[in-house]
Protein chains: 2
Amino acid sequence: MISRELIAASTEPLVLSLLQRGENYGYAIAEKVRTFSKGEMEWTEGMLYPVLHRLERRGLLKSRWEAVNGERKRRYYSLTAKGRESLGKRRQEWLAVHETLTEAWGA
Amino acid sequence: MISRELIAASTEPLVLSLLQRGENYGYAIAEKVRTFSKGEMEWTEGMLYPVLHRLERRGLLKSRWEAVNGERKRRYYSLTAKGRESLGKRRQEWLAVHETLTEAWGA
DNA sequence: TCACATTACCTAATGCAACTAGGTATATCA
DNA sequence: TGATATACCTAGTTGCATTAGGTAATGTGA
């Protein structure tokens, strides 16, 4: 089980990374996280949707509704320019901390 | 600047790692973090002491006061068995998330 | 000797994010 | 018909960093 804090630290970079590969909708994003982490990370919907709403409110994502006939409507999210920029920053931050931890753990 | 969430995710593993190398006191721990991260991570005292108190309350650390004559008293912290165990777990969690992110970022 | 920086500890109030625990709605399959 | 999977949503709780203070002792430069 991944700690609450680690989840918090990785959600934004993960969502942004997954969406960089193309637009997607919430439910599918949660599934991707499961497969990418080989089942180690399990996102509940109760956390996923607030995250997406927050990122959109901050201008990192934009969304559009798509209704295929006879199917449940889906909200597709994609990266904005600001989102792409943020992804780069988050990635660098992560790597800086990763290096610090690696050093602290010892060679 | 490292995001609040990344700070939160890395504090516990970092404190535990630094103390695995031997007992130390709060102020010195904060300095070590600065040097280990090459100045990337800056811990305020307002966050450091609550963290140490929390970890001791949870039984991951134990502490003792030491007063050298004429010097400000220092509280020295060290790992408990539970703390060492926790460090191993945290490390594994971190590495699992790191792999997931690395994969999501692409080869 | 006076002021300031540094060392060293502490805590109350605020804000933000995951988590808990619900809810709605559609389609498929037994 | 009932269960399962898909697909979306939110209010209330809890935990943590952050902000913004505080105390006390020592060393240093004017």
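No value in this document is a laboratory result; all are computed from the given coordinates. These figures come from a predicted structure and were not determined experimentally. Note that we place each Cβ from the backbone using ideal geometry, even for glycine, and neighbour counts take in every protein chain shown.
Please report which chain B residue places its beta carbon nearest the axis carrying chain B onto chain A, with the distance rounded to a whole angstrom.
Output: B:9, 2.
Which one, B:61, A:92, A:106, projects farthest toward the positive side of the charge dipole computed for the protein assembly as shown from Cβ point charges (K/R +1, D/E -1)?
Most positive-ward Cα: B:61.
Could you list, in their original order, any pairs among A:32/A:89; A:32/A:82; B:32/B:89; A:89/B:89 whose Cα atoms are separated by more than 25 Å?
Cα-Cα > 25 Å for A:89/B:89; rest within.
Distances from residue A:66 to the same position in the other copies: list them in nm, one decimal, shortest first, using label points 7 Å from Cα along Cα→Cβ.
Taking the point 7 Å beyond Cα along Cα→Cβ, the inter-copy spacings are 6.3 nm.
What shape does chain A have by the C-alpha gyration tensor, where a ≥ b ≥ c are the square roots of the eigenvalues, rounded means a/c under 1.5, and otherwise prolate means a/b greater than b/c and oblate the rest?
Prolate shape, in that a/c is at least 1.5 and a/b is the bigger ratio.
Taking the Cα atoms only, what angle lies between the long axis of helix B:26-36 and the longest principal axis of chain B, rounded to 10 degrees?
It is inclined by approximately 40 degrees.
Counting other Cβ atoms within 10 Å of each Cβ, which trypsin sites (Lys or Arg not before Pro) in region A:8-107 have at most 14 and sit in a DSSP loop?
Sites meeting the loop and neighbour criteria: A:21, A:38, A:58, A:72, A:73.
Once you place label points 7 Å from the Cα toward the Cβ at residue B:27 and residue A:62, how far apart are they in nm?
5.4
Between 0 and 90 degrees, rounded to the nearest ten: what's the tilt of helix A:81-105 against the longest Cα principal axis of chain A?
Taking the Cα atoms of chain A, the angle to A:81-105 is about 30 degrees.
In what order do A:86, B:17 fall by count of nearby beta-carbon atoms within 10 Å, going from fewest to most?
A:86, B:17
How far is residue B:21 from the same spot in each other copy, in nm, shortest first, if each label point sits 7 Å from Cα toward Cβ?
Copy-to-copy label distances for residue B:21: 3.8 nm.
Taking the 0 to 90 degree range and rounding to the nearest ten, how far is the long axis of helix B:4-20 tilted relative to the main principal axis of chain B, both from C-alpha atoms?
The helix B:4-20 is inclined about 60 degrees to chain B.
Starting from the amide H of residue A:61, placed 1.01 Å from N in the peptide plane, find each other amide H under 5 Å away whose residue is 5 or more places distant or on another chain.
For residue A:61, the qualifying residues are A:56, A:80.
Put a dot 7 Å past each Cα toward the Cβ at residue B:96 and residue B:84; how far apart are the dots in nm?
2.3
Where the centroid of each part is defined by its Cα atoms, how far is region B:1-71 from region A:75-107 in Å?
One Cα centre to the other: 23 Å.
Sorted from shortest, what are the nm distances separating the label point of residue A:80 from equivalent points in the other copies, each placed 7 Å from Cα along Cα to C-beta?
Nearest to farthest, the other copies are at 4.8 nm.
Determine the calculated [θ] at 222 nm for chain A from helices alone, applying -39500 (n - 2.57) to every DSSP H run no shorter than 4 residues and normalising by the residue count; nearest 500 deg cm²/dmol.
Dividing the helical sum by the residues of chain A leaves -20500 deg cm²/dmol.
Report the charge-dipole magnitude of chain B in Debye, nearest 20, computed about the Cα centre from +1 at each Lys and Arg Cβ and -1 at each Asp and Glu Cβ.
Using only the charged Cβ atoms, the result is roughly 540 debye.
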